[in-house]
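The next block holds one structure in the form of structure tokens; read it before the comments.
Nothing in this text is a laboratory measurement; each read-out follows from the coordinates by a stated rule. Here the structure is a predicted model, which is why all the values come from computation and not from measurement. In this analysis, Cβ positions are derived from the backbone assuming ideal geometry, glycine residues included, and neighbour counts consider all displayed protein chains.
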Amino acid sequence: MKHRILATAFSTAIAFYGCQPSPNTASHTGTKNDSNSIACPPGSSKLDIAAIERVTGMKGVEKNGEYKITVPQNDLKVIVDGFRIIPAMGLGTWACFTPCADSAMVMGDIVLTETDLAPVQQEVIRQGFSITAIHNHFVRNHPNVVYMHIDGKGRAESLAGSVKAILDKVTESRGHDPKASPADSVANTLATAQLDSILGYHGEMNKGVYKYTIGRPDVPLQEHGIPVSSFAGFNTWAAWQGTPEKAAVAGDFTMLEDEVAPVIKTLVENGIEVVAVHNHMVHEEPKVFFLHYWGTGPAVKLAGGLKAALDRTGAAKVR
């Protein structure tokens, strides 16, 4: 009996001790570990865009102090269910520079063939960047392509050199510059005003693709403590082509954790295929998820399904 009491007391002590925080464990409340965040004093941030352009040898687009370089993958002849996928339909590599005090953050999405994947991810690591996601956007796509999200922080000019090295590795892997091939276009006879009316947003036409980009101003997202804007990839989008009777729509939903299940359920119930569910970032607050979808059929029916799914997210409340 005495031995049994001692054994019980010993087990209880182990359980109690095991539940206590280790003195060497950093607290997860308050500010994140310094290795994952940068202090950004308000009003002190400005990018040296001329230096970025000089180092990368590319012209980008500036918006609200951020700067984005886009590389259309004109060389990839991707087909999904008989529809031609061009850069405007989700086949563009990009890297966005966000200023932060005297430093910057770069987040980007690199479109890769199966042959590109190994050498390019090796280059990303060599440049000191993080790989935060590798995933698909489509299924039944020929040839197969994958998307790799990258994340780096430091001096803007140094980051620009790393971005150039990564993009140059894609060129080396393929044996040619992806953007050097002639740009293609697709047929589009959709009643875009009708789609606007159903979805409650206005899109933009680019080479036959009609695209909506919908931000989430209701969510103050940060990565490494730095705000992430719609321009830097925190958005829901829908890209359309085809005819009113046979349209194709591809896109991405951005969701908070409690929105994931209802959005997926709504899309599937409306005949829109969910082809990927994943993260794009690692150190983001709050936690967000992304899904890619693909739908074909009558445009009005597809738009109604997307509208129903949008209504399951906070984006519907801030139009």
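Numbers below:
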| read-out | value |
| --- | --- |
| Counted charge near Phe97, where neighbours are those whose Cβ lies closer than 10 Å (Asp, Glu -1; Lys, Arg +1) | -2 |
| Sequence-distant residues sharing a close amide H with Gly208 (under 5 Å, placed H) | Val186 |
| Under 10 Å, Cβ to Cβ, from Ala309 - net charge with Lys/Arg +1 and Asp/Glu -1 | 0 |
| Residue-by-residue Karplus 3J(HN,Hα) for the range 208-222, coefficients 6.51, -1.76, 1.60, Hz, glycine and proline x | x, 9, 9, 10, 9, 10, 10, x, 10, x, 6, 10, x, 6, 9 |
| Computed over the range 97-186: relative contact order in percent, which uses C-alpha pairs under 8 Å that are six or more apart | 35 |
| Sequence-distant residues sharing a close amide H with Asp75 (under 5 Å, placed H) | Ser181 |
| Whether the range 50-202 is rounded, prolate or oblate, judged on the alpha carbon gyration tensor where a/c under 1.5 counts as rounded | oblate |
| Peptide ranges 191-202, 89-100, 259-270 listed from the most packed, as the mean C-beta count within 10 angstrom indicates | 89-100, 259-270, 191-202 |
| Pairwise label distance in nanometres, Val139 with Glu204, each label 7 Å out on the Cα-Cβ vector | 3.2 |
| Square roots of 5 times each gyration tensor eigenvalue, C-alpha, the range 213-319, largest first, Å | 25, 13, 12 |
| Table column - 3J(HN,Hα) (Hz), the range 251-265, Karplus curve with 6.51, -1.76, 1.60, x for Gly and Pro | x, 9, 9, 9, 9, 6, 4, 7, 8, 4, 4, x, 5, 4, 4 |
| Extension gain from Glu114 to His278, taking 0.36 nm per residue of separation minus the Cα-Cα distance | 57.1 nm |
